[in-house]
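See below for the structure under consideration.
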Amino acid sequence: MTDAPTATTTAETAGPSARQSVTRMLGAIVAPSSMVTALLYFFGWSHAYWFFHYLGVDSSVLGFGAGDYLMRSIDTLYVPMTVTAAGGLVVLWGHALLRARLAAGARPRLLRVLIPAMAGTGLVLGAAGLWSVVTPTFLWADLAVAPLCLVIGVSLLVYTLHLRSLLTGAPPSGAVVQVLQSAVVFVLVGLGLFWAAVDYSAAVGQTRARSFVAKLPAGPAVVLYSDKNLSLTAPGITTTRCRDPRAAYHFRYDGLRFVLQSGDQYLLLPAQWSPREGVALLLPRTDSVRLEFTPTQNPARPAC
């Protein structure tokens, strides 16, 4: 004798063609490697922009390539992807446990209280997240709070509807409605996660810049030689004129720290750089300048 299908089984298996259609649609959008590369490029660009913005430099003048941005995206996405994956795993485990109890015929009283609470919380968080999309709100004061409200709110509402259908055995919606609902949820949750990742990448860029600046005085010193007077007058930079007429470089500048070389340019900062008084130096990589790197604990070298 074959058992009649339970409400759980009916709700879980109804409408497979609709879910398959959504899966194929999302796969066609997300699967191409070019899409993933574009996202990594964008997050790496955001990291670089805010890192150098803290130093007072527009990152577009540094001539970064795709490889530079892709490398920076690792620092940006490592924590969000780890947290998202761990949270998703916990949710899947909890859902599997709940399904097992429902399939066994259990109808915990807690669910009858939890479902309205989840629906109310999801509605409030989702509305707050959507309102923050339209206009700045108090949620913008903290990192990624507004986008996470949107993601969690929409997810709670969708999951609440799913639990309700399991408990009541309500028939599933039509295929068209399911496709539209899945598409809307995908867009809202996807945009919320993207928004949160952008906020995080900006915060990471600025945090890395502050950490870099804090270590500037203890970093290796850079001595800059130039065949012409560069008129560097930033605080902490000392200029020495070489008296030897046969010297290839006639001016020496001390008190500098090296940031990076990008393309044919050097980016240098004074050792005493600060956001209030600091100035960044961008020099072309030519034969008219020469850099010497020395550990800061070494005694001062002769001028020329």
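Every number here is computed from the coordinates shown, using simple stated rules; none is lab data. Fair warning: this is a prediction, and the values are worked out from it, not measured in the lab. Every residue, glycine among them, receives a Cβ derived from its backbone with ideal geometry; neighbour counts consider all protein chains shown.
Cβ crowding within 10 Å, taken as a proxy for footprinting-reagent exposure, orders 152, 74 from fewest neighbours to most as 74, 152. Around residue 132, with a cut-off of 13 angstrom between Cβ atoms, what is the net charge of the other residues, counting Lys and Arg +1 and Asp and Glu -1? Local net charge: -2.
Restricting the trypsin sites (Lys or Arg not before Pro) of segment 135-225 to loop positions (DSSP other than H, G, I, E, B) with no more than 11 neighbouring Cβ atoms within 10 Å leaves 215.
Tally Lys/Arg at +1 and Asp/Glu at -1 over every other residue whose Cβ is under 10 Å from the Cβ of residue 148; what's the total? Taking every Cβ under 10 Å from that of residue 148, the sum is -2.
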